[in-house]
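Every read-out reported here was derived from the displayed coordinates using simple, explicitly stated rules and does not represent laboratory data. Model, not experiment: these values are computed from the prediction. In this analysis, Cβ positions are derived from the backbone assuming ideal geometry, glycine residues included, and neighbour counts consider all displayed protein chains.
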Amino acid sequence: MKYLYIISFLFFALVACEEEKPELFSPDRYIRLTFGSNPGENYYKRSYTFAFEKDGVTDKVFRFPVQFNGNDLTGDLKFRVAVVDTMTTLPAECYDLPLEQVFRAGRGNVDTVEITVHRKPVLKEGVKVLRFELVKNENFEPYTRDSVYIELHVSDVVDRPEWWEEGGVVELSYLGKYSYLKYLTFAEETGIQDFGVLTPSEKRHYAIKFKRALEAKPREDVDGTTMKVPIAG
């Protein structure tokens, strides 16, 4: 009887393993965006303004990294994106976003989703928002909701960015008090518009770079005082 029990146990264990095997070798591929975030920040937001560009610049191409987990590609496969209309204020004529994009074989498990934004007069009115997301198709299944969408904020004016809020860490620890002139000067000296997406080490690097530029060539801010930054180093 004892041996019969052991044999029965082994039989059912083997059956259970056979039932689980398809899950272990699932053909599904799961896709997501791959850029990181800092604690307390909405990593999916990206900001850009044409105001820092020359008049002849009419378009801006954005490429955002995407990654999948699953079986390797044996050929190119299409993935799909969709515009979130309820969260989008950027007019359709201001951007080109192919809803079907290609994950190219031979590039490992990382590729990009691409969008082109056009410099239109409506961007002079202020910040416009385009929100889009990765969605399911026959080739890829999206990851959790916090890793599949992007919110792009674009304009053709110099507005105070969300990441440079009054009393926030950027003001207190990195760049000091905001002014549009200081923002313009910072972008010219560093090439950085969206300070908010940088890692802490990158923020320190560019803040110190800006500090050195101001030390080498002092500038007057809009209130008549000399531009300064609080970063130590």
(Q) I need the phi-derived Karplus couplings for the stretch 121-134: 6.51 cos²θ - 1.76 cosθ + 1.60, θ = phi - 60°, integer Hz, Gly and Pro marked x. (A) x, 4, 6, 6, 6, x, 6, 10, 10, 10, 10, 9, 9, 6
Q: State the extension gain, in nm to one decimal, for the chain segment bounded by Ser201 and Val158, taking 0.36 nm per residue of separation less the distance between their alpha-carbons.
A: 12.9 nm
Q) Please state the relative contact order of the stretch 57-181 as a whole percent: Cα pairs under 8 Å, 6+ residues apart? A) 27 percent
Q: Can you pull the one-decimal nm distance between simple spin-label points at Val122 and Arg63, each 7 Å off the Cα toward Cβ?
A: 2.8 nm
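Could you order peptides 208-220, 149-161 by the average number of other Cβ atoms within 10 Å of their residues, highest first?
The densest-packed peptide leads the list: 149-161, 208-220.
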Q: Just tell me which lysines come within less than 27 Å, Cα to Cα, of Lys124; anything on the same chain fewer than 8 places away is out.
A: Lys45, Lys54, Lys60, Lys177, Lys182
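Net charge near Val84, counting Lys/Arg +1 and Asp/Glu -1 over other residues with Cβ under 9 Å of its Cβ? Please report the intermediate quantities before stating the final value.
On the way: positive: Arg131; negative: Asp85, Glu133, Glu151.
Around Val84, the surrounding residues sum to -2.
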Q: Provide the per-residue ³J(HN,Hα) series for the stretch 189-196, in order, calculated from phi with Karplus coefficients 6.51, -1.76, 1.60 and θ = phi - 60°, each as a whole number of Hz, with x at glycine and proline positions.
A: 7, 10, x, 9, 9, 9, 5, x
**Q.** For Val135, residues with placed amide H under 5 Å, excluding near neighbours
**A.** Arg80, Val81, Ala82
Q: Calculate one ³J(HN,Hα) per residue across the stretch 78-86 by plugging θ = phi - 60° into the Karplus curve 6.51 cos²θ - 1.76 cosθ + 1.60, and present them in order as whole Hz with x for glycine and proline.
A: 7, 10, 10, 10, 9, 7, 8, 4, 5
